[in-house]
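Q: Can you read through this structure? Questions will come right after.
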Amino acid sequence: MVRPMGTSLEGQVQQIRYTNEESFWTVAGLKVDGQAQPVSAVGPMPGVEEGMRVRLSGRWDENPRFGRQFKVEHFEELVPATERGLVGYLASGFVPGVGPAMAKRIVERFGTETVDVIMREPERLAEVSGLGKKRVQAIIDAFQERRGAQDALVFLFGLGIPRGLALRIYRRYRENTIAFVKRSPYKLAEEVLGVGFQKADQVARGLEIALDDPGRLRAGVYHCLRVARDDGHCFVPRAQLVTLAVELLGVDAELVDRAVSALAVDGKVVIDGAPGELGDVDVVYLSSLYEAEVESAFHLASLLSRATSAQDAVGDRVTLAAGSLGIALARGQEAAVRLALEKGTVIVTGGPGTGKTTIIRTLLEACGLPEAKVALAAPTGRAAKRMSEATEREAVTIHRLLEFAPAEGFFQRDESNPLEVELVIIDEASMVDLPLFYALIRAIPAGAHLVLVGDQDQLPPVGPGSPLTDLIRSERVPVARLTEIFRQGAGSAIVEGAHRVNRGEPLTATPPGTPLQDFYFIAREDPEHICQTIEKLVTDRIPERFGFDPMRDVQVLSPMRVGPIGIDALNERLQALLNPLPQDVDDATRRSPFRVRDKVMQIRNDYDRGVFNGDLGFVRHVDPKAGSLSVVIDDREVVYDREQREDLVLAYAVTIHKSQGSEYPAVVLPVSTHHYKMLRRNLLYTGITRGKRLVVLVGTERAMRIAVGNRGLEERNTQLDIRLGRALDGALDLR
């Protein structure tokens, strides 16, 4: 008989009619014990398989379209009760390395208590002949994964957590998932990638945690500081922080202020002072950023105190080096190389075409050091590759230079294990944020030279702080400013256009009939016409007139992700044109976000697999059922499983921020008032300077005027410049 509402059903899953990969929402046909006709069961059932015996808890429901259904609120796999059934269960394939013979041996030893032994006394598995430690552990892990995951995932789904995050949470806490989430839901925001405060607060609401709970207040304040960090700030004035947290939490300011103090007592934040309009004010740092700022100033002050060469000798070495390379240095370039040889730390800054690469090459020749004593590095893999090509020497990412250990999460090179070099040159230094700068500066050995090369007018780092800008602003670090244009005989319209933008001079549309050049501005008004023009440029006009491959050579950049001409919309349109889906593909392939031949970008550093934020590749193979795919990146095939796939995005169009440190043969860039919030001079300048042989802007002259006129330098809350000055003046014991 069918059981009444509010109870449970037991039976065997005969057919799985539908499963949602993201939510595990499943529609299954269940053969209920003692009932002739199968029952339609619907609800979240992670890991359910055809042939599995289950116990379902829930309620009956009349669906207007599908009739009577059992709405599943909880599901539990039932193991067989007989020895024969247990052998088949263990040998079904979910336990790695256990086939029919080994399954029979295990059941012969423990009989019908086999599962209880595995779950409660797993050490007894050693009593079975032929079971070594590794296989015993594999059996334990498989059971915990299969049975623990089902309960944990259903619990997390019930709190409104989507599949991807639920799996990430389970993998972080395993069998302790349910207990941990109930006890400390706000810890999820700190410990699990992708779980922000709002999601953790949603979980806490489901667990009926009070709005004024101290844990909630501390988590809200901490979240506000993390948001500020993600916006590039190293600290937030305390009064402003309280205001932000009150808006977020909906509680009294006094409670929030106490939470700030409690976080300071716990060591998670540091309360310090900073200059304000009316005198010093209290400011609040995340502890890690406070340490990075203070210690960076200390280490940098130590490097700056060293000058190592006599000026006359340096001048002779520079002249000889330039002659050896066949380079005629301009006065500013020669001065920059001499400065880098004379001082412990030097900044070389200049726009495109001003000879920064020439200075690096001359410096490498003039320093007289063997290659083993020189380190060349850049923040990203693509920037390091460009540096290698320009210098014909090995250049690496800063993370690789400092021997980052991903499993442990720290750099192996530091003040106790410094780099064994005498000269370190960092290219694209404008991209280096404060935490990475701290890791670098503490690994520079005593007596070594540090040369930071970058363009201070480009976008600031994606991460917190802006060390290059801070050091220049401090006026305590020697700076060589390059202003004369050399690249391509000063005849490149790209270079001229970039410098015009940087000077605040507006660009006008390129007149029809203009002779072939490397820089164009095409006037288009509404977003649809802008998109249509971009499509035509990428697929037709640029390949025909310049011979560029539309997939490999042409890169569309946009200031924003969303909107009619944001990268999401542009990627969808360009994918349909450049890599259309065949008509005869199955539904699973049609639903997959990626296709074979798609152009994709890695958006997070993955040191285990050797792929990094900003790496471009092309999809070689897609398995839509398994959710996996393989991507060719720099002539190497990298495999992504369903979860790792979250690290990939379509890259027919990418944001200007993501393009930093890269160069492309051809760049197409929309400029529209629909990107009003992002229309800033340094953003447009950065986008233009990504193009190596061709840049085409498409949009309105009004948007161009707004962008060029909006100097809008991003003011970040930092004090590295102040701390450096105090350290050099001996006014503050930083340690």
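The values are calculated or read from the model by the stated rules, or taken from the named source; none is laboratory data. Keep in mind it's a predicted model, so treat the numbers as computed, not measured. Quick reminder, even Gly has a Cβ in these numbers, built from the backbone with ideal geometry, and neighbours come from all protein chains shown. Surface areas here come from the heavy atoms of the whole protein model, side chains and all, with no ligands, DNA or RNA. Shrake-Rupley method; radii C 1.70, N 1.55, O 1.52, S 1.80 Å.
Q: Based on the Cβ-Cβ distance of ARG205 and ASP635, what FRET efficiency does E = 1/(1 + (r/R0)^6) give at R0 = 51 Å, to the nearest 0.05?
A: My answer for the efficiency is 0.55.
Q: First select every other residue whose beta carbon is under 13 angstrom from the beta carbon of ASP635; then total the charges, Lys and Arg +1, Asp and Glu -1.
A: Here the charged neighbours net out to +1.
Q: Tell me the Kirkwood radius of the stretch 314-369: reciprocal of the mean inverse pair distance over distinct alpha-carbon atoms, in Å.
A: Numbers: mean 1/r = 0.0898 Å⁻¹.
Evaluated over the stretch 314-369, this radius sits at 11.1 Å.
Q: Report, as a whole number in µm² per second, the diffusion coefficient that Stokes-Einstein gives for the stretch 37-186 at 4 °C and 1.567 mPa s using the Kirkwood radius over alpha carbon pairs. It would help to have the intermediate numbers written out before the result.
A: On the way: Rh = 17.2 Å.
In µm²/s, the coefficient is 75.
Q: I'd like the distance separating the alpha-carbon centroids of the stretch 196-244 and the stretch 637-715, in whole Å.
A: Between the Cα centres of the stretch 196-244 and the stretch 637-715 lies a distance of 31 Å.
Q: Given the Cα-Cα distance of GLU392 and ARG65 and 0.36 nm per residue of separation, how much length would full extension add, in nm?
A: That pair, GLU392 and ARG65, stretches by 110.9 nm at full extension.
Q: May I ask you to give the percent of accessible area on the chain that is carbon plus sulfur, with a probe radius of 1.4 Å?
A: It is 49 percent, rounded to a whole number.
Q: Here's a follow-up. So what does log10 I(q)/I(0) come out to for the stretch 453-516 at q = 0.29 Å⁻¹, using the Debye formula with one equal point on every Cα and no solvent?
A: Here log10 of I(q) over I(0) equals -1.29.
Q: Quick one: of LYS104/LYS625; LYS199/LYS677; LYS104/LYS182; LYS199/LYS658; LYS133/LYS187, which pairs are farther than 29 Å apart, Cα to Cα?
A: Violating the 29 Å limit, Cα to Cα: LYS104/LYS625; LYS104/LYS182; LYS133/LYS187.
Q: Continuing with the same structure: At q = 0.19, 0.22, 0.23 Å⁻¹, what is the log10 ratio I(q)/I(0) for the stretch 234-325, with the Debye formula run over Cα points and no solvent?
A: Here the Debye-derived log intensity ratios amount to -0.95, -1.10, -1.14.
Q: Okay, moving on. Give the span of the stretch 175-221's Cα atoms along each principal axis, as three whole-Å numbers ordered largest to smallest.
A: So the extents along the principal axes, rounded to whole Å, are 30, 20, 14.
Q: Next question. If you bin the C-alpha pair distances of the stretch 525-570 every 5 Å from 0, what whole percents do you get?
A: 5, 22, 27, 23, 15, 7, 0
Q: Give, in nm to one decimal, the length gained when the segment between ARG552 and GLU475 is fully stretched (0.36 nm per residue of separation minus the Cα-Cα distance).
A: Going from the current span to full extension adds 23.5 nm.
Q: Hey, another quick one. Mind pulling the per residue volume of the convex hull built on the Cα atoms of the stretch 597-651? Å³ is fine.
A: Each residue corresponds to 67 Å³ of Cα convex hull volume.
Q: Ok, one more. Using 7 Å Cα-to-Cβ label points, what is the THR483/ARG400 separation (nm, one decimal)?
A: The answer from the label model is 3.8 nm.
Q: In the stretch 211-289, which GluC sites (Glu not before Pro) fall in coil by DSSP and have 11 or fewer other Cβ atoms within 10 Å?
A: Details: sites: GLU247, GLU254, GLU277; in loops: GLU277.
In loop regions of the stretch 211-289 (DSSP not H, G, I, E or B), the sparsely surrounded GluC sites (Glu not before Pro) are GLU277.
Q: By how many degrees, between 0 and 90 and to the nearest 10, does the Cα long axis of helix 567-578 differ from the longest principal axis of the chain?
A: Value to nearest ten degrees: 80.
Q: Using every pair of alpha-carbon atoms in the stretch 16-66, split the distances into 10 Å bins beginning at 0 and state the percent of pairs per bin, rounded to integers.
A: Taking every Cα pair in the stretch 16-66, the percentages come to 22, 58, 19, 1.
Q: Follow-up question, since we're still on this one. Between ALA407 and SER628, 0.36 nm times their residue separation minus their Cα-Cα distance comes to what?
A: Gain on extension, ALA407 to SER628, equals 77.2 nm.
Q: Then there's this: Which FRET efficiency value, to the nearest 0.05, is calculated for VAL462 and ILE140 with the Förster distance at 51 angstrom and r the Cβ-Cβ distance?
A: It comes to 0.75.
Q: Turning to a different aspect of this structure: Between ALA377, TYR438, TYR664, whose Cα lies farthest towards the positive end of the dipole of the chain when Lys and Arg beta carbons carry +1 and Asp and Glu beta carbons carry -1, centred on the Cα centre?
A: Farthest along the dipole direction, towards plus: TYR664.
Q: Here's another thing I want to ask about it. Antiparallel DSSP bridges in the stretch 594-735: what percent, to the nearest 5?
A: Numbers: 17 of 24 bridges.
Roughly 70 percent of the beta bridges in the stretch 594-735 run antiparallel, per DSSP.
Q: Follow-up. Pairs of Cα atoms under 8 Å, at least six residues apart: use those to get the relative contact order of the stretch 275-393, whole percent.
A: Taking the mean separation of contacting Cα pairs over the length of the stretch 275-393, I get 24 percent.
Q: List every residue whose amide H lies under 5 Å from the amide H of SER558, counting only residues 5 or more places away in sequence or on a different chain, with H placed 1.01 Å from N in the peptide plane.
A: VAL654, THR655, ILE656
Q: 222 nm [θ] for the chain, helices only, -39500 (n - 2.57) per DSSP H run of 4+, per residue, to 500?
A: Dividing the helical sum by the residues of the chain leaves -11000 deg cm²/dmol.
Q: If you don't mind, there's one more thing I want to ask. Give me the 1.4 Å probe accessible area per residue for the chain, excluding ligands and nucleic acids, in Å².
A: Roughly 46 Å² per residue, with all protein chains present.
Q: What is the projected area of the convex hull of the Cα atoms of the stretch 37-109, averaged over all directions, in nm²?
A: That works out to 6.2 nm², a quarter of the Cα hull's surface.
Q: Oh, and also: List the trypsin sites (Lys or Arg not before Pro) within the stretch 27-74 that DSSP assigns to loop and that have no more than 16 neighbouring Cβ atoms inside 10 Å.
A: Here the trypsin sites (Lys or Arg not before Pro) that fit, given the DSSP loop and packing criteria, are ARG65.
Q: Would you mind putting 517-523, 457-463 in packing order, based on average other-beta-carbon counts within 10 Å, highest first? Could you put the intermediate results ahead of the total?
A: Details: 517-523: 17.4, 457-463: 20.9.
The packing order, highest mean first, is 457-463, 517-523.
Q: Also: Just to compare against my own numbers: the Cα pair-distance distribution for the stretch 497-649, 5 Å bins, whole % per bin, please.
A: 2, 7, 14, 17, 18, 16, 11, 7, 5, 3, 1
Q: Something else about it: Less than 18 Å from a label point 7 Å out along the Cα-to-Cβ axis of GLU254: which backbone N atoms in the stretch 206-228 qualify, by residue?
A: 211-214, 217-218
Q: Let me ask another. Can you list the GluC sites (Glu not before Pro) in the stretch 186-231 that are in a DSSP coil and have 16 or fewer other beta carbons within 10 angstrom?
A: Passing both the DSSP loop test and the Cβ count: GLU208.
Q: What is the antiparallel percent of DSSP beta bridges lying wholly in the chain, to the nearest 5? List each step's numbers first, then the result.
A: On the way: 58 of 97 bridges.
Roughly 60 percent of the DSSP beta bridges within the chain come out antiparallel.
Q: Considering all alpha-carbon pairs of the stretch 201-270, what whole percent are spaced by more than 16 angstrom?
A: Details: 1047 of 2415 pairs.
Here the tail beyond 16 Å accounts for 43 percent of pairs.
Q: Shifting gears a bit: So what is Rg over Rh here for the stretch 654-708, counting just Cα atoms and using Kirkwood for Rh?
A: With Rg and the Kirkwood Rh in hand, the quotient comes to 0.94.
Q: Still on this structure, please answer the following. Restricting to the stretch 357-447, what percent of DSSP beta bridges are antiparallel, rounded to 5?
A: On the way: 3 of 9 bridges.
Percentage antiparallel, nearest 5: 35.
Q: Between GLU108 and ASP540, what FRET efficiency follows from the Cβ-Cβ distance if R0 is 51 Å, with the result rounded to 0.05?
A: The formula returns an efficiency of 0.10 here.
Q: What do the square roots of 5 times the Cα gyration tensor eigenvalues come to for the chain, in whole Å, largest first, as semi-axes of the equivalent ellipsoid?
A: The answer is 53, 32, 28 Å, longest axis first.
Q: Would you list, by chain and number, the lysines whose Cα falls below 16 Å from the Cα of LYS134, excluding same-chain residues fewer than 8 positions away?
A: none
Q: Across every pair of different alpha-carbon atoms, what Kirkwood hydrodynamic radius in Å does the stretch 321-433 reach? Each step should come with its number before you reach the end.
A: Numbers: mean 1/r = 0.0666 Å⁻¹.
Evaluated over the stretch 321-433, this radius sits at 15.0 Å.
Q: Take the alpha-carbon centre of the stretch 537-573, take the same for the stretch 448-524, and report the distance between them in whole Å.
A: Result: 23 Å between the Cα centres.
Q: Using alpha carbons only, how many angstrom separate the centre of the stretch 412-428 from the centre of the stretch 322-381?
A: Cα centroid to Cα centroid, the span is 17 Å.
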